[in-house]
1. Which of the following residues is touching a helix residue (DSSP H, G or I) at 6+ places or on another chain (Cβ under 8 Å), among the charged types (D, E, K, R) and at negative phi: 256, 308?
2. Considering only the stretch 178-187, how many residues are open to solvent by 10 Å² or more (accessible area, probe 1.4 Å) and within 18 Å of residue 117 (Cβ to Cβ)?
3. Would you be able to say whether some residue in the stretch 239-259 is aliphatic (A, V, I, L, M) and over 30 Å from residue 63 (Cα atoms)?
4. Quick one: residue 247 ticks every box in (1) without any contact (Cβ under 8 Å) to a residue 60 or more places away in the chain; (2) touching a Ser or Thr at 6+ places or on another chain (Cβ under 7 Å) bar one, so which box is it?
5. Given the structure, is residue 216 more than 22 Å from residue 70 (Cβ to Cβ), of a type in the set (Asp, Glu), open to solvent by 20 Å² or more (accessible area, probe 1.4 Å) and at pLDDT 95 or above?
6. Residue by residue through the stretch 247-298, note down the ones that are among the aliphatic types (A, V, I, L, M), surrounded by 15 or more Cβ atoms within 10 Å (Cβ to Cβ) and in a helix (DSSP H, G or I).
7. Look through the stretch 299-318, keep the residues that are in a strand (DSSP E or B) and of a type in the set (A, V, I, L, M, F, W, C), and return whichever of them is surrounded by the most Cβ atoms within 10 Å (Cβ to Cβ).
8. Of all residues being buried (at least 16 other Cβ atoms within 10 Å of the Cβ) and over 23 Å from residue 86 (Cα atoms) in the stretch 41-56, which is farthest from the chain's Cα centre (by Cα)? Just the residue, please.
Amino acid sequence: MKSEILKFLRESAGNFVSGSNLADRLGISRTGIWKHIQQLKNMGYEILSHPKGGYKLIEIPDSLRQGEIVPNLETDWLGREYHYLETTTSTNDQALLLAAQGAPNGTVVVAEQQTRGRGRLRRDWLSMPNRGIYISILLRNPLPVRVAPQSTYLAAVALVKVLRSQFDLPASIKWPNDILIGSRKVAGILTEMQSDQDYSRFVVIGVGINVNYSREDLGQSFRYPATSIAIETGNAVKRQQVLLGFLNQLEKDYEDFLAKGLVELVPQLEAYSGILGKSITVLCGEREISGKAEGFTPEGALLLLRSDGERETVWVGDVARVDWTS
């Protein structure tokens, strides 16, 4: 009912809508309309009330609720099933649960806060309320087990495109799953999947984006120096804008990936890389490899010229150190 009230208030183009008009159109009492209006105000919507004029929508909060996102999507299937949570342990936890229950391809889970947000290798992810975007995306297209994890690269490229085009930020990718601005981390991606022996049953892509975090918020100790879109632009930004741009772009890139494979995306992966040409150290389980990042294979593996002069293809690893001066 609140979504319907908001719809009518938006359609009024800044004019008052009478309570009786809303009540007639929605089939409830004027008292019922008033109660829903109060709830909307408590949710952060600025609505002007006038005893004769009715109600007028003044300002929309920076909320990631379904009513602020789904009607504004330009996607065909991504995000059309949309689950919004004020608080959850982890959006990936919820998306995995929904996947097991049969949720459709393109299902999105978004939370305003996570109490146990996580990144790769079970590392904690800072998830303060209303400052970031914490989202998980369910993809059900059966993919070979070796191909399904490449979804991480698609999400990384899509997010970099949005940060560059919408905010003019020099965003880059630290292989395989971190998004940087300069040498500071602004977003991370965690991909989890369930599979049979040969093909994936589903993939869940979890993305955490630091949107309106302040320097004080990020002042604690992190594995890598952190930043946010607001810090880099000097202004708070609408999280709705970031999320809509990301979902719209991801659907386009994912459909290209299904049609052509990752090979078509590798040139973009290299163009947006923040580590190519630099001396890096990669942790591969118990093994530590140092060398110069030279490029990527058609499957997205890292090509490394080791410090001993030998070349190596790194399929799975964690870039622990980067010499930003090299």
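The values are calculated or read from the model by the stated rules, or taken from the named source; none is laboratory data. The structure presented is a predicted model; accordingly, all values stated were derived computationally and were not measured. Don't worry about glycine lacking a Cβ; one is built from the backbone with ideal geometry, like all the others, and counts go over all protein chains shown. Side chains included, ligands, DNA and RNA excluded: accessible areas come from the protein's heavy atoms. Shrake-Rupley method; radii C 1.70, N 1.55, O 1.52, S 1.80 Å.
1. Within the list 256, 308, the selection yields 256.
2. Of the residues in that region, 1 qualify.
3. yes
4. Here residue 247 meets the rest and fails (1).
5. In short, no.
6. Correct list: 247, 250, 262, 266, 269.
7. Checked the stretch 299-318; the qualifying residue surrounded by the most Cβ atoms within 10 Å (Cβ to Cβ) is 302.
8. In this case the residue turns out to be 54.
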